[in-house]
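The values are calculated or read from the model by the stated rules, or taken from the named source; none is laboratory data. Every value quoted in this text rests on a predicted model; they were computed, and no experiment measured them. All Cβ positions, glycine included, derive from the backbone under ideal geometry; neighbour counts span all protein chains shown. Quick note on the areas: whole protein, heavy atoms, side chains included, nothing else; ligands and nucleic acids left out. Shrake-Rupley method; radii C 1.70, N 1.55, O 1.52, S 1.80 Å.
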Amino acid sequence: MKKLLLLSLALCIVLYANAQRTKSLVPKNLQYITVNSPKKFTGNEVLPIVFQESNYYTKKKLGFDQLFGESIGTTYYDLQTNSGLPNRLIKESNGNISAVWTIAIDNQGNYPTRGSGYNYYNNATNTWLTAPTARLEPVRVGWPNIAITGNNQIVSTHAANNGYLMTKPINSSVWPTTGSTFGVTHELIWPRMVANGNIVHVIGVSDTEQPYLNTGFIHGALIYFRSTNGGQTWEDERLLPNMDTTHFSEYPNYNDDYNMAIKGDTVVILVGNGLSGAFFWKTTNAGINWTYTDILNPPSRKYNVESGIPLDFNNDSEQDYVYGSDGSSCVVIDNNGIAHMFFGRMRNTSEGAGNQYSFYTDGLWYWNETMPAPQYDLFFDDVNGVPTWTAIPDTVGFIPITWVRDMNQDGEFNIPPDVPTDDMGIGTYQTSMTSQVTACVDRNNNIDIIYAGVMEGLYVSVPNTTSGSVNRCYRNLYLLHHKANTPYYDWSFSPSHQDSGRIVPDNSECVYPVMLNKPIKYVANDSAIIAFTYMVDELPGNSLQPNAGPNHSIRESTIWFKTLSVKFPDGINEINVLKSAPVVYPNPSSDKVTVSYNLNEASNVKMSIYNMVGQQIISTNQNITAGDVNVTFNIEALPQGIYFIKSDIGKQSYTNKLIKN
């Protein structure tokens, strides 16, 4: 059994600093680079057996870790979604928590052991189960969602081309050995599921290779179906309002590009991608009636990406570009029933044979039901010396709430050195550089989001790409807070974490966050405890979403559970004594290491170095005047390995990983 320390070093007190900026810092020449977007994985593809790499994070960090949280499982199948993240974390009324993810026990060709990884936290004993060594299902499945129906837990996935359901009583610790299919007529992949009581709602994509009935859809119609008895039987599948070829292309291309939220009888389905735009369906009577609302309606909505004709919405014989959703979206419903929606910003085009996207696009958009739908503006732009038109949503009333962080404060995002022109300096997920967003609403209608963002200047050499080893930046998780009844663009980072909001203080690839849609508990002064899962890899990108070639070979990745205590100051702006968070260099180092930071005002600073088992090796404690500070430690006598430098500055704490070589 493993101990979950909810109020230990993994639980951080979060204060906030404003995050507003109006434009991207990515140089224009990088923003304009486009690559083909490969067909999204259904999980049925034939994959070869590949070389297996060992991973430090699964071999050395199982169990509780002060930086990462609690490890609850591992997987060799590192593609947890193509775009939008399913609902994979639930909490029972007694405080017990269940989590799911796509698991594969080994890296055999085609992943025959792929299925749902499941773990369970017992609130009474304050423990998680041991990490699973097998999937839940008796058959190969993927893309799990979890929900509570009445007295049961249910996990929905897709098996081959049909939905698959596993059900067990909440008070039982044993899952059955068999499951059931949804019984849909026209196949189902990439399902999303939510439930309230015994009413279960599912949205997914119909057969991607065959026309859907007589609707005119040649590829990928979105179908909805509902159960009123906890998933025992299902009503006939149906198309929701406006899901027709009058409003969309016969190739709408919404593949895994959707997210669901539920609150009582209110359900919201958010859908979005680059060329077809973004919209949502909403019901307030448990799925009986639905309304359709547009968010982004680009001039490319009815464009057929398989037409053989380049995108040209103004008929000037030049290929055009459109800014839209990257498909990795999230929706959450507040206490007044208002839906709040988030999606990464992406630049897209098409040559008429699939979709192309610009992987150096950043920016995270936010929209809610009280806001008007943004209108598209057309800009004449010079893309790589070829004048063309670009469609961009309202650049005044619909600005992104965050962008990639400018780590070195030089006013520009810098790619790693020595990146070949035919490769990319980031691990790609076919999403924005600020994406994979998840959200929760507290009892005061404050909203917190966690997203994965590319980190400038923090990179590693990635082997096994088509260009050989290449430097690529890591992604890490960031936390943003929005106070109720404030302007839509008023979001704040946490200065109590290093790099202005980064919540996993380690140079590693932290992606696919999934947060509970409300805090798990409240503590003194109305602070809320939020909880989330995420995946950690040692190298940027994953092994299953290639562009010109795989990002890296297959590796065993770790699924972590983490909690944060988020403090909501009411009308009080606490002074952040730190102007810039501590940076450790050189790192790795063999003899001396310097910790550099900048103080806004004089402060007491305590710095300590700990080894992997938490023993304090070196410690200093002194009063420091305002300005630039450089503290040097002699580590020559320390054994090789991993260490952590903890800096207590004023009332805030920061932790940096140090590698001694």
- request: Could you rank the peptides 405-415, 475-485 by their average count of other C-beta atoms within 10 Å per residue, with the highest value first?
  value: 475-485, 405-415
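Give me the accessible area per residue for region 233-388, probe 1.4 Å, as a whole number in Å².
Numbers: 5360 Å² over 156 residues.
About 34 Å² of surface per residue is accessible.
With a ≥ b ≥ c the root eigenvalues of the C-alpha gyration tensor of region 137-203, is it rounded (a/c under 1.5), prolate (a/b larger than b/c) or oblate? Walk me through the numbers before you get to the answer.
Working: a/c = 2.19, a/b = 1.32, b/c = 1.66.
Note, shape of region 137-203 comes out oblate.
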query: Going highest first, how would you order 554-563, 302-311, 112-121 by mean Cβ packing within 10 Å?
result: 554-563, 112-121, 302-311
- prompt: Which of rounded, prolate, oblate describes region 103-247, given a ≥ b ≥ c as roots of the alpha-carbon gyration tensor eigenvalues and a/c under 1.5 marking rounded, otherwise prolate only if a/b is larger than b/c?
  reply: oblate
statement: Carbon/sulfur accessible area of region 69-213, % of total, 1.4 Å probe, equals 49 percent
query: Per 10 Å bin, what percent of the C-alpha pairs of region 362-435 does each bin hold, from zero upward?
result: 14, 31, 40, 13, 1
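Looking at this model, which pairs from LYS91/LYS282; LYS302/LYS518; LYS282/LYS521; LYS23/LYS302 are more than 26 angstrom apart at the alpha-carbon?
Cα-Cα > 26 Å for LYS302/LYS518; LYS282/LYS521; LYS23/LYS302; rest within.
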query: Of the peptides 235-242, 329-336, 538-545, how do they stack up when ordered by the mean number of other Cβ atoms within 10 Å, highest first?
result: 538-545, 329-336, 235-242
